[in-house]
């Protein structure tokens, strides 16, 4: 595969930022790994990072390049700081950057399919929230979306005395606006969604993870609303040992055309 750390200027953010990108390359003589391509522009997975990380983290903590090489799948890993993939109340417009500017820039820089059936999103923790938020708000864009250990119930998370969100982060991201009932609330987005229009959804979380209850509540809410969701609750904690293994299951689940 071709690996790129792409530094570029974002008009939406008004600053220079970065993304890490994997692009398919057909190989036959590479020792220990083979690469594949597909006819036409390759499908793309937007792979989102967690709260403490950046666009390099998936490459540094997992073998994502090795896992996707035989699939002919491009992977775009953007950097969004600690924004929860929102237009921050007291910061920058990361939701607009992610949902509008980034896909257009990627297709202008690289050969990538723009077809819904070739476009996927996944993420871990904060990125799991971001992946489902993007899929629920723009279901026409994605064929599938996956959350790994997602922070899926932010309204409840603020009141959790055991794992509260940092108040400084909360003020920057959400300010005084309530999450419950807003476009920041995944449960509200579920209520508004037409199940027939949504992409395939996949939820995974380790049973020892402090966000396990978030995934269970979201899965139950989806079922109650008639939204099909594949749920994978297996042993594991909120760590890279779990996510390195789980992302392989995500890749096997993606509805990649043959």
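Work out how much length residue 25 to residue 90 would gain on full extension: take 0.36 nm times their residue separation and subtract the Cα-Cα distance, in nm to one decimal.
Between residue 25 and residue 90, full extension yields an extra 19.3 nm.
Rounded to the nearest 5, what % of DSSP beta bridges with both residues in the chain are antiparallel?
About 40 percent, rounded to the nearest 5.
Specify the angular offset, from 0 to 90 degrees and rounded to the nearest 10, of the alpha carbon long axis of helix 212-224 from the longest principal axis of the alpha carbons in the chain.
It works out to around 90 degrees.
Provide the convex hull volume over Cα atoms per residue for region 71-147, in Å³.
Residue-normalised Cα hull volume stands at 93 Å³.
How many angstrom lie between the Cα centre of region 1-40 and the Cα centre of region 96-116?
So the two Cα centres are separated by 13 Å.
Please provide three numbers in whole Å: the alpha-carbon extents of region 71-210 along the principal axes, with the largest listed first.
Reported extents, whole Å, longest axis first: 45, 32, 29.
Express in nm, to one decimal, how much length is gained between residue 101 and residue 65 on full extension, taking 0.36 nm for each residue of separation and deducting their alpha carbon distance.
Computed gain between residue 101 and residue 65 is 10.5 nm.
Counting pairs of alpha carbon atoms under 8 Å apart in space and at least six apart in sequence, what relative contact order in percent does region 2-253 give?
17
Against the longest principal axis of the chain, how steep is helix 126-137, in degrees 0 to 90 to the nearest 10, with axes from Cα atoms?
Approximately 90 degrees, to the nearest ten.
Starting from the Kirkwood radius over alpha-carbon pairs of region 149-239, derive D by Stokes-Einstein at 37 °C in a medium of 0.692 mPa s and give it in µm² s⁻¹.
Translational diffusion coefficient: 232 µm²/s.
By how many degrees, 0 to 90 and rounded to 10, does the Cα axis of helix 240-253 deviate from the longest principal axis of the chain?
It works out to around 70 degrees.
Quick one: length gained pulling residue 169 to residue 252 fully straight, 0.36 nm per residue minus the C-alpha distance?
26.4 nm
Give me the one-decimal nm value for the distance between modelled label points at residue 239 and residue 39, 7 Å along each residue's Cα-to-Cβ direction.
Computed distance between label sites residue 239 and residue 39 equals 4.7 nm.
Taking every Cα atom in the chain, find the radius of gyration and the maximum pairwise distance Dmax, and write them in Å.
That works out to 17.5, 57 Å for Rg and Dmax.
Rounded if a/c is under 1.5, else prolate if a/b beats b/c, else oblate: with a ≥ b ≥ c from the C-alpha gyration tensor eigenvalues square-rooted, which is region 206-258?
Taking the square roots of the gyration eigenvalues as a ≥ b ≥ c, region 206-258 is oblate.
A short reminder: the numbers here are calculations on the coordinates, not readings from a lab. These numbers were taken from a predicted model, which means no experiment stands behind them. Counting neighbours? That spans all protein chains shown, and the Cβs are built from the backbone with ideal geometry, glycine included.
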